[in-house]
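Notes follow the structure.
Read-outs throughout are calculated quantities, based only on the coordinates presented, and are distinct from any laboratory measurement. Note that the coordinates shown come from a computational prediction; the quantities given were computed from them, not determined experimentally. No Cβ is skipped: glycine too gets one built from the backbone with ideal geometry, and neighbour counts run over all protein chains shown.
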């Protein structure tokens, strides 16, 4: 079931964040810090494999976003994943984050953007 109309630019922007972080940063390992973070949290023995799979799942999330299928569920899953991943990183590896613990602020902004795109903007579009 397709969700209500969303702003296509916001939808594309959100999907791009997942795709870039998944494919370029993790699958292609263009930002090795991501693998280091995974290694510190999940263990170094299989960090490369775990990072690869996380990247593939992030790319799949981007595709899911662009399909607009089950968009409310998708938004909730995104919000929970971003909150969970960033909470773990905030607690366990703040020294490896691009902006240290301030990364939590940017994660919150991303969560708010996802929420607004799915729930806030839809209400505005439906009213008009």
1/(1 + (r/R0)^6) with r = Cβ-Cβ of residue 41 and residue 106, R0 = 22 Å, i.e. FRET efficiency to nearest 0.05, evaluates to 0.70
Rounded to the nearest 10, the angle in degrees between the Cα long axis of helix 103-115 and the longest principal axis of the Cα atoms of the chain comes to 30
Using Cα atoms only, what is the angle between the long axis of helix 33-42 and the major principal axis of the chain, expressed in degrees (0 to 90) to the nearest 10? 80
How big is the shadow of the Cα convex hull of segment 1-91, averaged over all directions, in nm²? 5.9
Tell me the label-point distance for the pair residue 28, residue 80, using the 7 Å Cα-to-Cβ offset, in nm and rounded to one decimal. 3.1
Any idea what angle helix 47-67 forms with the longest principal axis of the chain, computed on alpha-carbon atoms, 0 to 90 degrees, nearest 10? 10
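Using a Förster distance of 41 Å, how high is the FRET efficiency between residue 99 and residue 63, based on the Cβ-Cβ distance and rounded to 0.05? Can you show the working numbers first?
Details: r = 28 Å, r/R0 = 0.68.
FRET efficiency, residue 99 to residue 63: 0.90.
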